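Have a look at the structure below, then the notes.
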Amino acid sequence: MNFLQNLRKNKTILCVVMILVVGAGVFFGYKIHNYKDKKNCISKLHFIKPNLNCDLYDDKLERLLGLQNKLEIVIEGIKKTGKAKRVSVFVRDLKTARFVGVDDGDTYHQASLLKIPILVGGFKLAEVEPRILDQEIFYSGEQNFYEDQVIKPVESLKVGSSYSLRELMRRSVVYSDNTAAQLLFNYYPEGFLDRIMEALGIQLYKPTGEKEDFITARLYANVFRILYNASYLTKEYSDEALSILTKTNYKNGAVAKLPTDTLVAHKFAERTDINMVTGDVFQRQLHECGIVYAKNYEEPYVFCIMTEGYEYTDLEKIISDISLMIYEEMIED
């Protein structure tokens, strides 16, 4: 009897020990795996994608479906007010790659959104010869497009001054300077910008093969995703390009209602269409696209909002309202 009791007692102790060992193995295995995942996320480059497998959000699909429904209702309401004829939106969560869109295949004038391919072009040349970014271009004043811009740069190029490629790239994006962008375009080899746009997936063609000056919200949002993934430029140049875009000084649209500490890499574009007979404005387009590095880079997402209407103030408010709605739906409470 004592023998049987001792055997049972020893078996019980053995089972407990085995459970503790297995439990400890699972616990420490999880800790080590989690540590490795976290360690892989660490990067000195702040504006491009960390390890894709880090901190995935299983609830993003549900959140995005909710956002889709709200966007459809809000956009339909906006069009009924008459303050916009068209509104297109595309949103992609960069951690999970899940996305939603409303009329995101509609085409709009590219306008100043062309300046990001111009920015990318400069860095693409620098991949071959880094010193080219310090190459200076003399501004004679012959190229002057400042009067053509409704939303004007806060700084203009000075006639008789020279500017490095890197500085012209910065001005063309941060100030949306048409003249700086034109100087860069003139400097680039013939056909170079077309090849950049084709590589970024935003060069559209008519059935005849003729180039189109149009873009969609879905296609243009992908430009930011390409930069975030560092899949076209090197990691360092992708990071620098996005860093420049975070300094865009236009604040009346997508960033207007976001928390002030939210970092956004973004670019806007404006277009005014005029009746060539009467000289009257018959429509305007205002777009804004970018990456919101929400929650201190923890929940980044791409957005692209394109609008067509009559008054820029109305279109700015539409973009700022939709941008805030996207932010509130995308960010975990």
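The values are calculated or read from the model by the stated rules, or taken from the named source; none is laboratory data. Being a predicted model, the structure only gives us computed values, none of them experimental. Because the Cβ atoms are built from the backbone with ideal geometry, glycine has one as well, and the counts that use them run over all protein chains shown.
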Q: Please go through segment 205-249 and pick out each residue that is under 16 Å from residue 194 (Cα atoms) and either charged (D, E, K, R) or exposed (fewer than 15 other Cβ atoms within 10 Å of the Cβ) (or both).
A: 205, 206, 209, 210, 211, 212, 213, 214
Q) For residue 112, all conditions in the list (1) under 23 Å from residue 227 (Cα atoms); (2) assigned to a helix (DSSP H, G or I); (3) in contact with a Leu (Cβ under 9 Å, 6 or more places away or on another chain); (4) touching a residue at least 24 places away in the same chain (Cβ under 8 Å) hold save one; what is the number of the exception? A) (3)
Q | Residue count, segment 171-180 (criterion: within 18 Å of residue 196 (Cβ to Cβ) and out of contact with any Ser or Thr (no Cβ under 8 Å at 6 or more places or on another chain)) | A | 1
Q: Please work out which residue is farthest from residue 195 (Cα to Cα), limiting yourself to segment 119-170 and to residues that are among the small types (Gly, Ala, Ser) and assigned to a loop (DSSP other than H, G, I, E, B).
A: 160
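Residue by residue, here is whether (1) crowded, with 18+ Cβ neighbours inside 10 Å; (2) out of contact with any Pro (no Cβ under 9 Å at 6 or more places or on another chain); (3) modelled with pLDDT of 95 or more; (4) of a type outside the set (A, V, I, L, M, F, W, C) holds:
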| residue | (1), (2), (3), (4) |
| --- | --- |
| 255 | yes, yes, yes, no |
| 261 | no, yes, no, yes |
| 266 | yes, yes, yes, yes |
| 283 | no, yes, no, yes |
| 296 | no, yes, no, yes |
| 301 | yes, yes, yes, yes |
| 308 | yes, yes, yes, yes |
**Q.** Residues of segment 306-333 satisfying the condition of being within 14 Å of the chain's Cα centre (by Cα) and either over 21 Å from residue 95 (Cβ atoms) or among the aromatic types (Phe, Trp, Tyr) (or both)
**A.** 306, 327
(Q) Being surrounded by fewer than 14 Cβ atoms within 10 Å (Cβ to Cβ), of a type in the set (A, V, I, L, M, F, W, C) and touching a residue at least 40 places away in the same chain (Cβ under 8 Å) is true for just one of 173, 150. Which residue is that? (A) 150
